1. With the Cα gyration tensor of segment 171-215 in hand, convert its eigenvalues to equivalent ellipsoid semi-axes via √(5λ) and list them largest first in whole Å.
2. Across bins of 5 angstrom width beginning at 0, how are the C-alpha pair distances of segment 74-151 distributed, in whole percent?
3. With a point put 7 Å past each Cα toward its Cβ, work out how far residue 379 is from residue 95 in nm, to one decimal.
4. Taking the Kirkwood radius as the inverse of the mean 1/r across Cα pairs, report the Rg/Rh of segment 97-212.
5. Please give the helix 93-111 orientation as an angle from the longest Cα principal axis of the chain, in degrees from 0 to 90, rounded to the nearest 10.
6. Taking the chain as the reference, fit the longest principal axis to its C-alpha atoms, fit the long axis of helix 272-292 to the helix C-alpha atoms, and give the angle between the two in degrees, 0 to 90, nearest 10.
7. From the helices alone, meaning DSSP H stretches of at least four residues, give me the mean residue ellipticity at 222 nm for the chain, per-run term -39500 (n - 2.57), in deg cm²/dmol to the nearest 500.
8. Candidates [x] -0.60, -0.78, -1.29; [y] -0.27, -0.49, -1.47; [z] -0.40, -0.56, -1.32; which is the computed log10 I(q)/I(0) by the Debye sum over Cα atoms at q = 0.06, 0.08, 0.14 Å⁻¹?
């Protein structure tokens, strides 16, 4: 696919929806780079490949998309570990459209309403014309980040994990790096040093933002603390140095490709024509090697790749199942804790209600007793007042009776006196 034929993902969309793609070779720092971008606000997919013994901190790959990429590579006659996976191998238009529809639906499901979806799958490096079309169909712009790690460090990691020969690993590295560069020339892209990322990630992030001409979505103090906590030199499991020339023509070609990418990661602007010439040399070697490979060997390699793919899928599904089991167990523990908390709160609430009712009952009882006491005291006071009034009335009546008796006695005496005088007068007459 030429620059003129490429979809419009090179342009920024009107609403600013932009996908971040981490490209480059497996085991070359793509996971660490993705983790940095995720901490800085780019959105990871719904289903992320869990870590394993080869990468305990996690791969940060959308494993469903990785499986689709594996299948798309195989249907095109390639595989993720194909030493000559570059350049992209398009399918007939109708067949390609069916795969694009699958990828579009899957991407939309994995990232839903993300404004800055973050996709890391090294296989996309040699499938970028395919994914550029997907992004264009979904209306996303594109920004690429390409970590650069010494291919011998990558080869050491692949030898330990997959038992690959160094020469094979070098050619796979070359294939992925050529694809990552060739298919992103017309978009905002940044080349970062993996060793630099581990030693001074802030400087590498500054390069990314400068190359993209835009800040990362939300890189703040909290993001920096997160990045400081997970980026450490112990992520560098294999030495990244050595003489590539001792690995024949594959090492010599890889060394010159590496020089171009190291210059780009250092902030230089190496000529694209240099890499085009190396890509042409790589294509010549591919033609020569393919003539030496028998159909039986090729079929054997395809079968082995399919078995390896199936095994990888089974590992992913098993790890996902184990993670889901762990998540469900954690969910059960959480539910148990929530239930215990709810029961404890109910017991506390019931006890509080009992104490409140007892307090209210005691208060009401005291109030009733006080009211009865007050009523009795008022009744006794009324009774005492009546008694006092009655006693006063008795005293008054007694006084009035005595006064009346005294007045009657005085009248009786006066009567007797008048009677004597009358009798005396009558006697004298």
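Only the coordinates and a few stated rules stand behind these numbers; no lab work does. This structure is a prediction, so every number in the text was calculated from the model and none was measured. In this analysis, Cβ positions are derived from the backbone assuming ideal geometry, glycine residues included, and neighbour counts consider all displayed protein chains.
1. 21, 16, 4
2. Pair shares across the bins are 3, 12, 24, 25, 18, 13, 5, 1.
3. If labels sit at residue 379 and residue 95, their model points lie 10.9 nm apart.
4. 1.00
5. Once rounded, one gets 30 degrees.
6. 70
7. Helices in the chain give a 222 nm mean residue ellipticity of -23000 deg cm²/dmol.
8. Computed from the coordinates, log10 I(q)/I(0) by the Debye sum over Cα atoms at q = 0.06, 0.08, 0.14 Å⁻¹ corresponds to [z].
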